[in-house]
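The values are calculated or read from the model by the stated rules, or taken from the named source; none is laboratory data. Since the model is a prediction, treat every value here as computed from it, not as a measurement. FYI the Cβ positions are ideal-geometry reconstructions off the backbone, even for glycines, and counts take in every protein chain you see. Only protein heavy atoms, including side chains, enter the accessible area calculation; ligands, DNA and RNA are left aside. Shrake-Rupley method; radii C 1.70, N 1.55, O 1.52, S 1.80 Å.
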Amino acid sequence: MLRHDGRGDSLPSDKCSSCGMNVGVYCCKDCFSPKLSCQMCVVDAHAHLPVHRVEVKVEWHLFQNVTLKDLGLRIQLGHDVGESCLLPIRAFNNDFVLIDTQAIHPIAIYFCGCTKAQSHIQQLLCMGWFPATTSDPKTTATFGVLRQFHILSFESKVSAYEFYHSLVRLTDNTGLLKWKDQYEAFMRMVHEFRHLKMLK
Ligand SMILES: [Zn+2]
Ligand SMILES: [Zn+2]
Ligand SMILES: [Zn+2]
């Protein structure tokens, strides 16, 4: 456990484990073999994994949470990963939040605005993300977290309030970060998801 709180296998080198050129200060808590990487490498490595949780080394043995959005990860919907869109449309207010099984993530996403593009809602659903509203969506939940709550509510009788606030604590257990409360949006998505599952 202590090993996972520190630099692990990256001792004694300060270099990025991927490129070996820049200083490695970022560590992913969800990658299989976490090693210290530089900002560019950690963003590149997470183009397919936008819901991983990353930490930055601020002192010799002290790490703190940082979001992939702050590091520069941009998600382009409607195209394959790595492909660029001719008419990207930034999410409303650049204030997009994704609720997942491990945490709540602020995410920088761009919708596809090409002539044959699907609606914004369809683009989100194609990614497995369920939007909280049908116009200018700013909050989504992954199908995974909705399915997890669906099953947990049967087996453990956990309430949506307890489940949602557990996710808030998993994201930041200090309570120092001020989050916009997404509980109402989460409840709306849960109700719609359950209704659609019933109709399926
Ligand atoms: Zn690097
Ligand atoms: Zn990762
Ligand atoms: Zn496009």
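Count of lysine pairs in the chain with Cα atoms under 21 Å apart, counting only pairs 8 or more residues apart in sequence or on different chains?
Here the count comes out as 14.
Taking a ≥ b ≥ c as the square roots of the Cα gyration tensor eigenvalues, with a/c under 1.5 meaning rounded and otherwise prolate when a/b beats b/c, else oblate, which class fits the chain?
Oblate, since a/c reaches 1.5 and b/c is not below a/b.
Which percent of the accessible heavy-atom area of the chain goes to carbon and sulfur, probe 1.4 angstrom?
Here it works out to 56 percent.
Show ILE151, ILE104 ordered by accessible area, largest first, where the area counts protein heavy atoms only and the probe is 1.4 Å.
ILE151, ILE104
Whole number in Å², please: accessible area per residue of the chain, 1.4 Å probe, ligands, DNA and RNA not counted. Before the final figure, lay out the partial values.
Numbers: 12150 Å² over 200 residues.
Spelled out: the 1.4 Å probe surface of the chain, per residue, equals 61 Å².
Measure nothing fancy, just the Cα-based angle from helix 160-171's long axis to the longest principal axis of the chain, in degrees from 0 to 90, nearest 10.
Computed tilt is about 20 degrees.
Along the stretch 150-155, what does the Karplus equation 6.51 cos²θ - 1.76 cosθ + 1.60 (θ = phi - 60°) give for ³J(HN,Hα), rounded to whole Hz, x for Gly and Pro?
Result, rounded to whole Hz: 4, 6, 4, 5, 6, 7.
Would you mind putting 35-46, 62-73 in packing order, based on average other-beta-carbon counts within 10 Å, highest first?
Details: 35-46: 20.1, 62-73: 15.9.
Put in order of decreasing packing, that is 35-46, 62-73.
Any idea which of MET1, ILE89, PRO131 is furthest toward the positive side of the dipole for the chain, if Lys and Arg beta-carbons carry +1 and Asp and Glu beta-carbons -1?
Most positive-ward Cα: PRO131.
With runs of 4+ DSSP H residues as the only contributors, calculate the mean residue ellipticity of the chain at 222 nm using -39,500 (n - 2.57) per run, divided by the residue total and rounded to the nearest 500.
-9000 deg cm²/dmol
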